[in-house]
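Written out below as structure tokens is the structure these notes cover.
The values are calculated or read from the model by the stated rules, or taken from the named source; none is laboratory data. Here the structure is a predicted model, which means the values were calculated and not measured. Note that we place each Cβ from the backbone using ideal geometry, even for glycine, and neighbour counts take in every protein chain shown. For the accessible areas, the whole protein counts, side chains as well, though only heavy atoms, and no ligand, DNA or RNA atoms are used. Shrake-Rupley method; radii C 1.70, N 1.55, O 1.52, S 1.80 Å.
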Amino acid sequence: MKALVAVKRVIDYNVKVRVKADNSGVDLSNTKMSINPFCEIAVEEAVRLKEAGVIDEIIVASIGPKEAQEQIRAALALGADRGVLVQTDEKPYPLQVAKILKGIAEQEGTDIILLGKQAIDDDNNQTGQMLAALMGIGQGTFASKVTVEGGKVNVKREIDGGLQTVALELPAVITTDLRLNEPRYAKLPNIMKAKKKPLDEKTPADFGVTMASNQQIIKVVPPAERSAGVKVASVDELIDKLRNEAKVI
């Protein structure tokens, strides 16, 4: 059984994001980049399934610039077997990513496709659902527990009303939520071994995908700074401020 895990190169979540002076986008110069945290959870889940004897091989794929090899190698150090980099300097949008992942999954004959539920840079939360629709297979989104048995995968997922369990025939797409697991740290010997693991390089054209988009970024601005709070002396003063200043009552 094979698993395909998609990882995205994003600004490290500990880094304060800077907007370019001309407001054309986010400044990436001298910025630490990492695996998207939700994607890292997907890698960890695939590794745990392999350790349990459910999965025989883990393939990690990323779509982005040549530097995205760093994130693939990081996933290989966590326990994945080989990587695929679909190199492009254009910004990949969810539908394009889904089409490329579909091509990789079909070429590799993967049984389980694991993705983070969303990326922390654009927060789209679309790729997994689009991929499942394009492939015509089942999907288990926002997974908090994954159990594979008897050619099926049971996905316990988080919904507004609590938890829901869906039983999916394989192949299936699973998107991971925060509470699914806690990713491990890569050990130094595994980091060294990851440098020798195979990593294939492809282009979007290899999967019949063009990176042209009809979306255009008009302006990027940082969030407005929050004003300081104030203390009130009484409930009457609080109500007055809510009614006359905040105008919420």
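Residue by residue through the range 218-236, note down the ones that are within 30 Å of D121 (Cα to Cα) and not polar (S, T, N, Q).
Hits for the range 218-236 are I218, K219, V220, V221, P222, P223, A224, E225, R226, A228, G229.
Looking only at the range 166-211, which residues are of a type in the set (S, T, N, Q) and either within 20 Å of Q129 (Cα to Cα) or open to solvent by 80 Å² or more (accessible area, probe 1.4 Å) (or both)?
T175, T176, T210
So the check is Cβ under 8 Å with 6+ separation or different chains; which pairs have a first residue in the range 227-249 that's free of Cβ contacts under 8 Å to residues at least 60 places away in the same chain and a second one that's assigned to a loop (DSSP other than H, G, I, E, B) and aliphatic (A, V, I, L, M)?
L238/V232; I239/I249; K241/V230; K241/V232; L242/V248; L242/I249; R243/I249
Conditions first: (1) in a strand (DSSP E or B); (2) in contact (Cβ under 8 Å) with a residue 40 or more places away in the chain. K193 passes all but one, so which condition is the exception?
K193 satisfies all of (1) in a strand (DSSP E or B); (2) in contact (Cβ under 8 Å) with a residue 40 or more places away in the chain except (1).
Could you please give the count of residues in the range 122-165 that are surrounded by 14 or more Cβ atoms within 10 Å (Cβ to Cβ) and either of a type in the set (S, T, Y) or within 22 Å of E182 (Cβ to Cβ) (or both)?
18
Could you check the range 11-41 and list, in sequence order, the residues that are crowded, with 21+ Cβ neighbours inside 10 Å, aliphatic (A, V, I, L, M) and either outside any helix (DSSP H, G or I) or free of Cβ contacts under 8 Å to residues at least 40 places away in the same chain (or both)?
Across the range 11-41, the qualifying residue is only I35.
Tally the residues that are open to solvent by 10 Å² or more (accessible area, probe 1.4 Å) and of a type in the set (A, V, I, L, M), restricting the search to the range 84-114.
Summing the residues that are open to solvent by 10 Å² or more (accessible area, probe 1.4 Å) and of a type in the set (A, V, I, L, M) in the range 84-114 gives 2.
Is it the case, given these coordinates, that I217 is among the hydrophobic types (A, V, I, L, M, F, W, C) and either closer than 26 Å to A105 by Cβ or open to solvent by less than 80 Å² (accessible area, probe 1.4 Å) (or both)?
no
Any residue in the range 207-221 that's of a type in the set (G, A, S): show its pairings with residues that are open to solvent by 100 Å² or more (accessible area, probe 1.4 Å) at Cβ separation under 9 Å, as long as the two are six or more apart or on different chains.
A212/E90; S213/E90
So, in the range 232-249, exactly how many residues are modelled with pLDDT under 90 and open to solvent by 90 Å² or more (accessible area, probe 1.4 Å)?
Adding up the residues that qualify gives 4.
What are the pairs, 6+ residues apart or on separate chains, where a residue within the range 84-98 that is in contact (Cβ under 8 Å) with a residue 40 or more places away in the chain and more than 22 Å from R73 (Cβ to Cβ) has its Cβ under 7 Å from a residue that is of a type outside the set (G, A, S) and surrounded by fewer than 16 Cβ atoms within 10 Å (Cβ to Cβ)?
Once the first residue is in contact (Cβ under 8 Å) with a residue 40 or more places away in the chain and more than 22 Å from R73 (Cβ to Cβ) and sits in the range 84-98, its partners that are of a type outside the set (G, A, S) and surrounded by fewer than 16 Cβ atoms within 10 Å (Cβ to Cβ) give Y93/Q215.
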